[in-house]
Amino acid sequence: MYGKFYQDTYEFREELHKLFNRFLDRHNELEMDTHNEIVELRNQVIALLESWIGSKKMQNKLGIEIPLHATPASIESFLEKQARSYKKSYRACEICGENRITHFSHIIPRSDGGPSDEKNYVYLCPIHHHLFDHNRLSEEEWQKIDFSKN
């Protein structure tokens, strides 16, 4: 998360961290597994909040409803994406079907709190990626993108 979104949510995230830390300090007798589950719960709450804010921004900005999810980035997703890139095995563009080279485009931009996770990507050729990022796709092109799979 970068830029204005990070700044806008900083205070809330800090308060959320303090709330969980106060709880953990009061219950310092918790077993390590329980402690780690609570920390993971805190991280999921923050990821869900950021996903919700990002999806609302996209809905207000572009009128696009994006399914809410709070999937934290995973090393498996990262490694799989890197392996496809190394093998030059690209997924087809969701609009035109081009598969010689495609980009993964964030549905909810990282600057608006979108996670770097497979569920927040659509695969587009360089031309459609540019048009997508600049809200220049035609209505017919928007219809070809399947947001429900995310």
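The values are calculated or read from the model by the stated rules, or taken from the named source; none is laboratory data. All values reported here derive from a predicted model rather than from experimental measurement. Positions of Cβ are backbone-derived with ideal geometry, glycine not excepted, and every protein chain shown enters the neighbour counts.
Each residue in the range 129-150 was checked for being out of contact with any Leu (no Cβ under 6 Å at 6 or more places or on another chain) and aliphatic (A, V, I, L, M), and 1 of them qualify. For the range 81-94, indicate whether the set of residues that are in contact (Cβ under 8 Å) with a residue 12 or more places away in the chain, under 21 Å from residue 59 (Cα atoms) and outside the structural domain of residue 56 (by TED's automatic domain parsing) is non-empty. Yes, that holds for at least one residue. Counting only residues that are assigned to a helix (DSSP H, G or I) and hydroxyl-bearing (Ser, Thr, Tyr), which one in the range 92-150 is modelled with the highest pLDDT? Going through the qualifying residues, I end up with 148.
What are the residues in the range 23-50 that are in contact (Cβ under 8 Å) with a residue 24 or more places away in the chain and either in contact with a Phe, Trp or Tyr (Cβ under 6 Å, 6 or more places away or on another chain) or more than 25 Å from residue 9 (Cβ to Cβ) (or both), if any? Spell out the reasoning first.
Narrowing the range 23-50 to residues in contact (Cβ under 8 Å) with a residue 24 or more places away in the chain: 42-47, 49-50.
If the condition is that a residue be in contact (Cβ under 8 Å) with a residue 24 or more places away in the chain and either in contact with a Phe, Trp or Tyr (Cβ under 6 Å, 6 or more places away or on another chain) or more than 25 Å from residue 9 (Cβ to Cβ) (or both), then 42 is the only one that fits.
Any chance the range 72-91 includes a residue that's of a type in the set (Gly, Ala, Ser), in a loop (DSSP other than H, G, I, E, B) and touching a strand residue (DSSP E or B) at 6+ places or on another chain (Cβ under 8 Å)?
First pass over the range 72-91, keeping only residues of a type in the set (Gly, Ala, Ser): 73-74, 77, 83, 85, 89.
So of that shortlist, the ones also in a loop (DSSP other than H, G, I, E, B) come out as 73-74, 89.
Then drop every residue that is not touching a strand residue (DSSP E or B) at 6+ places or on another chain (Cβ under 8 Å), which leaves none.
For the range 72-91, residues of a type in the set (Gly, Ala, Ser), in a loop (DSSP other than H, G, I, E, B) and touching a strand residue (DSSP E or B) at 6+ places or on another chain (Cβ under 8 Å): absent.
The single condition from (1) touching a Phe, Trp or Tyr at 6+ places or on another chain (Cβ under 8 Å); (2) closer than 30 Å to residue 10 by Cα; (3) not polar (S, T, N, Q) that residue 94 fails is (2).
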